[in-house]
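Contents: one structure, followed by commentary.
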Amino acid sequence: MYDTHTGPLAGFTVGVTAARRADELIALLQRRGATVLHAPALRIVPLDDDTELLAATRKLIDFAPDVVVATTAIGFRGWIEAADGWGIGEELIARLRESELLARGPKVKGAIRAAGLVEAWSPRSESLAEVLDRLLTAGVAGRRIALQLHGEPLPGFIEALRDGGAEVIGVPVYRWMAPADLGPLDRLLDAVVSGSVDAVSFTSAPAVASLLARAGERGVREPVLAALRDGGVLSACVGPVTALPLQAEGVATLQPERFRLGPLVQLLCTELPGRARVLPVAGHRVEIRGQAVVVDAELRPVPPAGMALLRALSRRPGWVVARAELLRALPGAGRDEHAVETAMARLRVALGAPNLIQTVVKRGYRLSLDAGECAPGARVG
């Protein structure tokens with residue numbers, strides 16, 4: 001068995017929808033004990049095959065922009081590398097050197113300087129809203145502004161610049177498509193509906209849109225949204241832009257104060273353990289986590305059927321829960337109450353302490369809460 005010191009996320013399963021930087025996010029989660037279900041919701045169009053990017057780049061070389069807004073490090077680096085591959089890299093660098101170069105955050109600044117350029121300004125907040133405020137305050141009428149697009153919606157940004165009289169050229173440094181292999185995404189959707197995943201992480205708005213689109217294709221969009229809305233499965237988003245498509249569907253989201261993978265994982269390390277149910281049962285401390293149980297500081301993996309039974313018992317600790325009710329809690333159990341007995345036997349083995357759950361003859365089962373711990377009115381025999 002595993003000790004809970006393996007990490008605060010031990011016993012919890014987290015879905016990862018990222019394609020870019022997925023390895024980094026998965027490593028952060030696993031180091032804290034989480035089981036990870038990786039289901040890339042997107043794939044990126046190779047830049048050197050992107051005719052839209054080539055056309056936008058040539059346009060900027062022919063007609064130099066006054067301002068260039070760089071939004072992501074990977075996008076800016078990819079743009080320069082793609083231009084080099086087309087044989088126009090030096091021309092692009094020359095044009096960028098003549099422009100006022102604004103960087104959204106420190107990672108973008110690093111990419112700009114690696115290309116031999118220097119940014120004119122970067123906001124402390126790493127927010128495009130602050131970039132927009134600076135541009136509008138300085139005045140944009142008659143100015144030609146190139147905006148490095150990064151695959152996520154920029155609500156109101158381009159419109160505000162154009163309303164201010166600017167000419168805006170979008171630079172589509174990468175575009176998203178559905179994953180070539182839909183199997184992992186389908187398995188994640190099934191896990192969301194069944195409750196066998198505790199949280200799903202999102203690092204881009206297009207990933208949210210792709211997941212919901214696939215859910216619609218499979219006819220499970222409403223069950224997926226229901227699971228995300230009722231809090232049974234947490235939606236963890238790296239920032240507010242990523243969260244917008246979920247919030248539009250009435251889904252509450254978690255977001256770290258700093259829009260980075262590390263703070264996102266730390267937020268899950270606080271939120272998920274905080275949802276665990278802790279009960280004193282038969283002289284033991286029992287902590288019911290997402291997909292496992294901690295008994296006296298020892299992590300005990302439990303099969304899905306056993307977790308379903310334990311959750312049903314813990315909803316009314318100290319009460320006798322009838323076999324018929326427990327049968328309804330079992331995933332896909334049918335009508336045979338013998339399935340409850342089989343799942344209960346396996347649950348007791350998994351817990352390593354058979355006396356945690358008491359059989360009440362001809363009535364059902366109950367958690368053996370310690371004396372004085374039963375809920376008012378609980379039936380104990």
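The values are calculated or read from the model by the stated rules, or taken from the named source; none is laboratory data. Since the model is a prediction, treat every value here as computed from it, not as a measurement. When we count neighbours, we look across all protein chains shown, and the Cβ atoms used for this are built from the backbone with ideal geometry, even at glycine. When the accessible area is computed, the model is the full protein with side chains, heavy atoms only, and any ligands, DNA or RNA have been set aside. Shrake-Rupley method; radii C 1.70, N 1.55, O 1.52, S 1.80 Å.
Remarks
- The lone exception for Glu249 - which of (1) crowded, with 20+ Cβ neighbours inside 10 Å; (2) under 28 Å from Leu128 (Cα atoms) it fails: (1)
- Leu136 meets each of the listed conditions (1) within 31 Å of the chain's Cα centre (by Cα); (2) over 29 Å from Thr51 (Cα atoms); (3) not small (Gly, Ala, Ser) apart from (1).
Listed here are the residues, each with its yes/no results for (1) loosely packed, with under 15 Cβ neighbours inside 10 Å; (2) under 19 Å from the mean Cα position of the chain (by Cα); (3) assigned to a helix (DSSP H, G or I).
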residue: Leu161; (1), (2), (3): no, no, yes
residue: Gly165; (1), (2), (3): yes, no, no
residue: Asp186; (1), (2), (3): no, yes, yes
residue: Leu189; (1), (2), (3): no, yes, yes
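- Pairs linking a residue in region 90-112 that is of a type outside the set (A, V, I, L, M, F, W, C) to a residue that is assigned to a strand (DSSP E or B) and buried (at least 20 other Cβ atoms within 10 Å of the Cβ), with Cβ atoms under 8 Å and 6 or more positions apart or on different chains, are Ser99/Val67; Ser99/Val68; Ser99/Ala146; Glu100/Val67; Glu100/Val68; Arg104/Val69; Arg104/Ala70; Lys109/Ala103.
- Residue list for region 339-381, filter: in a helix (DSSP H, G or I), at pLDDT 85 or above and in contact with a helix residue (DSSP H, G or I) (Cβ under 7 Å, 6 or more places away or on another chain): Ala339, Val340, Ala343, Met344, Arg346, Leu347, Arg348, Ala350
- Selection count, region 221-246, where residues are within 10 Å of Val193 (Cα to Cα), aliphatic (A, V, I, L, M) and not in a helix (DSSP H, G or I): 1
- Beta carbons closer than 7 Å, at least 6 apart along the sequence or on distinct chains, pair a first residue in region 67-89 that is more than 13 Å from Leu117 (Cα to Cα) and β-branched (Val, Ile, Thr) with a second that is in a helix (DSSP H, G or I) and open to solvent by 10 Å² or more (accessible area, probe 1.4 Å) for Thr71/Leu128; Ile88/Ile61.
- Search result, residues across region 116-143 that are open to solvent by 30 Å² or more (accessible area, probe 1.4 Å) and within 14 Å of Arg77 (Cβ to Cβ): Gly116
- When Lys59 is tested against (1) buried (at least 19 other Cβ atoms within 10 Å of the Cβ); (2) over 30 Å from Thr270 (Cα atoms), exactly one condition is not met: (1).
- Scope region 93-119; condition small (Gly, Ala, Ser), over 28 Å from the mean Cα position of the chain (by Cα) and closer than 24 Å to Arg258 by Cβ; matching residues: Ala114
- Matching residues in region 285-338 - criterion: being basic (Lys, Arg) and assigned to a helix (DSSP H, G or I): Arg311, Arg323, Arg328
- Where helices (runs of 4 or more DSSP H) fall wholly inside region 14-123, the ranges with 2 or more residues that are modelled with pLDDT under 90 are 51-62, 73-85, 106-114.
- Within region 92-115, if we keep just the residues that are closer than 17 Å to Val173 by Cβ, charged (D, E, K, R) and out of contact with any strand residue (DSSP E or B) (no Cβ under 6 Å at 6 or more places or on another chain), the residue that is surrounded by the most Cβ atoms within 10 Å (Cβ to Cβ) turns out to be Arg104.
- In region 305-327, the residues that are free of Cβ contacts under 8 Å to residues at least 40 places away in the same chain and among the aliphatic types (A, V, I, L, M) form Cβ pairs under 9 Å with partners that are open to solvent by 40 Å² or more (accessible area, probe 1.4 Å) and not in a loop (DSSP other than H, G, I, E, B), at six or more places apart or across chains, as follows: Ala312/Glu325; Ala312/Arg328.
- Selection within region 167-184: residues that are of a type outside the set (Asp, Glu) and in a loop (DSSP other than H, G, I, E, B). The member of this set that is farthest from Leu37 (Cα to Cα) is Val173.
- Subset tally (residues that are surrounded by fewer than 19 Cβ atoms within 10 Å (Cβ to Cβ) and within 11 Å of Pro303 (Cα to Cα)) for region 331-347: 1
Here's the yes/no breakdown for (1) closer than 20 Å to Leu37 by Cα; (2) out of contact with any Pro (no Cβ under 7 Å at 6 or more places or on another chain); (3) open to solvent by 60 Å² or more (accessible area, probe 1.4 Å):
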{"site": "Gly239", "(1), (2), (3)": "no, yes, no"}
{"site": "Pro263", "(1), (2), (3)": "yes, no, no"}
{"site": "Glu298", "(1), (2), (3)": "no, yes, yes"}
{"site": "Met307", "(1), (2), (3)": "yes, yes, no"}
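- Selected residue (criterion: modelled with the lowest pLDDT) from residues of region 195-210 that are assigned to a helix (DSSP H, G or I) and open to solvent by 10 Å² or more (accessible area, probe 1.4 Å): Pro206
- There is at least one residue in region 351-366 that is open to solvent by less than 30 Å² (accessible area, probe 1.4 Å) and on the phi > 0 side of the Ramachandran plot.
- Selection status of Ala322, open to solvent by 30 Å² or more (accessible area, probe 1.4 Å) and more than 30 Å from Leu254 (Cα to Cα): yes
- The lone exception for Tyr174 - which of (1) touching a His at 6+ places or on another chain (Cβ under 8 Å); (2) of a type in the set (Ser, Thr, Tyr); (3) open to solvent by 30 Å² or more (accessible area, probe 1.4 Å) it fails: (3)
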